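Below is one structure, written out as structure tokens; comments come after it.
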Amino acid sequence: TEAEAPRTLPRDAPPSRVVVGRNPRLAPFSPPQKYSIHRGEVQTVQEFGAFVTLEGIARDGLCHVSQLRRAESGQMLQASQIVKPGDRVWCKVLDISWTKQRFFLSLKYCNQDTGEDLDP
């Protein structure tokens, strides 16, 4: 028998419903251990903080701007003044949200030269 040609919708057809499911490209959520220290790389910087990919972890973690560095003389800096995409940093895992499948990081509790935990 002859193969059927693929069906196409006319341009003016109403949009169909889309079923959103689990993204097969994302690895299962397996966050690092809480309070552990990891080496990572800054991926993107936003007003509210930076997203960092930790070595060996399939997802980015968020480092809020308040966790990027220790306060010096009360001056609040923007995240883009502290880190840039591509920066290699040491991060401490502060919290894990299992329901939202996210984890939250801090740079200010890590010595950025040695990776030592400054708040054990």
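Taking the Cβ-Cβ separation of Lys100 and Met76 as r and a Förster radius of 22 Å, what is the calculated FRET efficiency to the nearest 0.05?
Using R0 = 22 Å, I get an efficiency of 0.25.
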- What lysines could a cross-link reach from Lys84, if we take a straight Cα to Cα line under 16 Å and drop same-chain neighbours fewer than 8 places away? Lys108
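Bear in mind these aren't lab numbers, they're just calculated from the coordinates by the rules spelled out. In this text, all values refer to a predicted model and were calculated from it rather than measured experimentally. All Cβ positions, even for glycine, are placed from backbone atoms using ideal geometry, and neighbour counts span all protein chains on display.
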